[in-house]
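Presented below is the structure to which this report refers.
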Protein chains: 2
Amino acid sequence: METITSTSNQRVKHLVRLRSRRHRDAEGRFLIEGYRELTRAVDAGIDIEEVGFCPSLFLGSNEPALLSAAEAAGANLVEFSDEPFRKVSYRDRPEGLVAVARQFATGLDRLRVDGEPLLLVVESIEKPGNLGTMLRTADATGVDAVIVADPTTDPFNPNVVRASIGCLFSVPLGVASTDETIRWLDARGIPLVATTPFADRLHWRADYSGSCAIAVGSEQYGLSDDMLDASAERVRIPMHGSADSLNAAMAAGVVLYEAVRQRQ
Amino acid sequence: METITSTSNQRVKHLVRLRSRRHRDAEGRFLIEGYRELTRAVDAGIDIEEVGFCPSLFLGSNEPALLSAAEAAGANLVEFSDEPFRKVSYRDRPEGLVAVARQFATGLDRLRVDGEPLLLVVESIEKPGNLGTMLRTADATGVDAVIVADPTTDPFNPNVVRASIGCLFSVPLGVASTDETIRWLDARGIPLVATTPFADRLHWRADYSGSCAIAVGSEQYGLSDDMLDASAERVRIPMHGSADSLNAAMAAGVVLYEAVRQRQ
C-alpha cells in the first residue's frame, strides 16, 4: 500500500480542491471527514471511492475495523503521514480519516413516504452548520424525510457533513426548488405547517398528529411568500427576548419535538 | 480623535491578547465584537471601557448611534483603519465594532429568584459555541437565570459572546462549582430535573409547572454523578437515531420549550 508523505502530492491537492463547491459540482464527488461521519456513510451504503487515513491521529481503536468495512464496500485505502494529512483535514483536531465519495441523487422522486409522514422542509438555509444541525435533529426525531428547498448551501459542503455528524447519510434527503417542493407535498396531500415570527398561533397549538411537513426558513429572511402562501397553517415559537434570540436550527428542533410529543 | 492605522499598534496587540483566557483572567477584561452583541452589552449596562470601530466595515446605518450610546455610558472610542481592524477582529466578516469591557461578577449571590422560577443549569460544557447557544435559547425562553456549574469554558470567551449574540448580557448568569450549585438550589427549594440518556421517563412527562432547574451536562460525558444524585427527577429526550444525534444546546432548548409550554 502506498503512503503519502508529501504535502505537494496530487492526492493532497485533490482533497483540498474538494472543499470548493465548484470542484465538488464538476466532479460529482465530496469529502467525508471524521470517524462518526464515515461510519454513518459506510452504514448507509454511500459510494466511497477512497479513504485517506493517518494512524497516528486515530482517537480510538475502532478505526481499522471501519477501514476494513469501507474497503470491503469498494473503497481504495491510502495511508497518509501526519503532515500531509493535516493539510487535507479541515478540522482543528483531525481524527485521521477523510474520504472521497460520489455525490448521491437528491431528487424528490427518490423519497418514499407512506402512511402519515412527518417531514422537515428547510428553505434557503445559508449556514452549513445550521443545515447540518437540522439533519442531526431530523435523525433524532425520526422524520421521514428532509427537503431542502431553494438551497443556498450545498448539502455536500464539508461543514454540513460535519455538523450533521453524518446524519446527511441516515436521513432521507431531497433537494428541490420551493415550487417543486410545494407541488410534491400537494400531490401527496401533506399539509405544510410554516414557522414564522408573524403568526398568531403558538407552535404547540397546531396539530401535528397526521401527515405534516414543518417548514423553517432562512436565518435572515425566514420563509418565502410562496412557502407561506402554500401553508395550511402558520405557527410562531413564543419568544421572550428579542426576535433574533432563537437560531434557525433550534427553531426546527423545538417544533419537531413538539410534533414527536403529539404523535407519540 | 486618534485613528489607529498600524497593525503593530499596542492597542491592536492588546485586543488580540484578550482572545486568550490567561490574559482575560489576568486583566479582568474581555472582548465584545459585533453590532448585536455590543447593543445588548450597552443595553445591559456592561462596563465598556473602549470601543474600536472601523466605519468602512459597518453593515448598517445605526452604528454611530450605538457608538454614541457607548460613549455616553463612559466608553472611550478609538477609530481603526481597515487593516488593523481586520487584525483585531476574530470574525470572517468583521462588522467594524469591537469593544473591551470589564468582566462582571458571576457569583450565585447576585442571582435574584422569586416565586416559582425556571432555571437552566449547564454543567462542564466544553464548547463555547454550545454555551453561547444555550444562553441565546435561555433568553428566548425567558428563564430566570442560567447557572454554569463546574465550567470548562470561560463564559467571557469571545465565542460565547458571539454564539450568544450578546445574550450573555441579558440573561442573569451565575458561575459556581457543582457542589455550590446543588447547595444553592437546595437552600431555595428548587428541584433539579436532570436530563440524561439513561432515564426511563420521557422529558415531556416531567412537571415543570412550579420552581424548577433543568440540568444539561457536558457534550461528552453528560451530567456528573453528583448532579444526578441531587436531582429530584431524571428525564430523557426520546431519540430515534443514535444516542449522539442531539447536541447539548439542542437538548437544552427542547426541554426548556417543553417547560415553557407547560407553564404558559
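The values are calculated or read from the model by the stated rules, or taken from the named source; none is laboratory data. The structure displayed is predicted, hence computed values, not measured ones. Every residue, glycine as well, gets a Cβ built from its backbone with ideal geometry; the counts of neighbours run over all protein chains shown.
Inside segment B:123-181, can you point out the residues that are of a type in the set (Lys, Arg), in contact with a Gly (Cβ under 9 Å, 6 or more places away or on another chain) and within 16 Å of B:Arg21 (Cα to Cα)?
Listed by number, the list holds a single entry, B:Arg162.
Sub-6 Å Cβ pairs linking a first residue in segment B:231-244 that is without any contact (Cβ under 8 Å) to a residue 24 or more places away in the chain to a second residue that is surrounded by fewer than 16 Cβ atoms within 10 Å (Cβ to Cβ), at least 6 apart or interchain, number zero. Taking the numbered list (1) in contact with a helix residue (DSSP H, G or I) (Cβ under 6 Å, 6 or more places away or on another chain); (2) polar (S, T, N, Q); (3) more than 16 Å from B:Ala252 (Cα to Cα) in turn, B:Thr152 passes all entries but (1).
Yes or no, residue by residue, for (1) at pLDDT below 95; (2) buried (at least 21 other Cβ atoms within 10 Å of the Cβ); (3) touching a helix residue (DSSP H, G or I) at 6+ places or on another chain (Cβ under 7 Å):
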| residue | (1), (2), (3) |
| --- | --- |
| A:Ala70 | no, yes, yes |
| A:Val78 | no, no, yes |
| A:Arg86 | no, no, no |
| A:Arg93 | yes, no, no |
| A:Leu97 | no, yes, yes |
| A:Phe104 | no, no, no |
| A:Leu108 | no, no, yes |
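Of all residues in segment A:200-228, those satisfying the criterion of being more than 18 Å from A:Val146 (Cβ to Cβ), assigned to a loop (DSSP other than H, G, I, E, B) and more than 14 Å from chain B (Cβ to nearest Cβ) are A:Asp200, A:Asp207, A:Ser209, A:Gly210, A:Tyr221. Counting only helices (runs of 4 or more DSSP H) that sit completely within segment B:119-199, those holding 3 or more residues that are within 14 Å of another protein chain (Cβ to nearest Cβ) and over 29 Å from B:Met239 (Cα atoms) correspond to B:167-170.
Looking across A:Ala213, A:Ala138, A:Ala194, one residue alone is surrounded by 19 or more Cβ atoms within 10 Å (Cβ to Cβ) and either at pLDDT below 95 or touching a Cys at 6+ places or on another chain (Cβ under 8 Å) (or both). It is A:Ala138. Within segment B:3-51, if we keep just the residues that are within 14 Å of chain A (Cβ to nearest Cβ) and assigned to a loop (DSSP other than H, G, I, E, B), the residue that is nearest to B:Asp139 (Cα to Cα) turns out to be B:Ala44. Taking segment A:229-264 as the range and being touching a strand residue (DSSP E or B) at 6+ places or on another chain (Cβ under 9 Å), within 9 Å of chain B (Cβ to nearest Cβ) and part of a loop (DSSP other than H, G, I, E, B) as the test, the residues that pass are A:Ile237, A:Pro238, A:Gln264. Taking segment B:149-163 as the range and being out of contact with any Asp or Glu (no Cβ under 8 Å at 6 or more places or on another chain) and either crowded, with 24+ Cβ neighbours inside 10 Å or among the small types (Gly, Ala, Ser) (or both) as the test, only B:Ala163 passes.
For segment B:228-243, the criterion of being under 17 Å from A:Met134 (Cα atoms), surrounded by 18 or more Cβ atoms within 10 Å (Cβ to Cβ) and of a type in the set (A, V, I, L, M, F, W, C) is satisfied by at least one residue.
Residue-by-condition table, conditions (1) among the acidic types (Asp, Glu); (2) farther than 19 Å from B:Pro128 by Cβ:
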{"residue": "B:Arg17", "(1), (2)": "no, no"}
{"residue": "B:Ile32", "(1), (2)": "no, no"}
{"residue": "B:Asp43", "(1), (2)": "yes, yes"}
{"residue": "B:Leu59", "(1), (2)": "no, yes"}
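All conditions in (1) surrounded by 24 or more Cβ atoms within 10 Å (Cβ to Cβ); (2) over 15 Å from the mean Cα position of the chain (by Cα); (3) charged (D, E, K, R) hold for A:Arg112, with the sole exception of (1). For B:Asp92, the conditions (1) within 24 Å of B:Ser224 (Cα to Cα); (2) outside any helix (DSSP H, G or I); (3) within 14 Å of another protein chain (Cβ to nearest Cβ) are fulfilled apart from (1).
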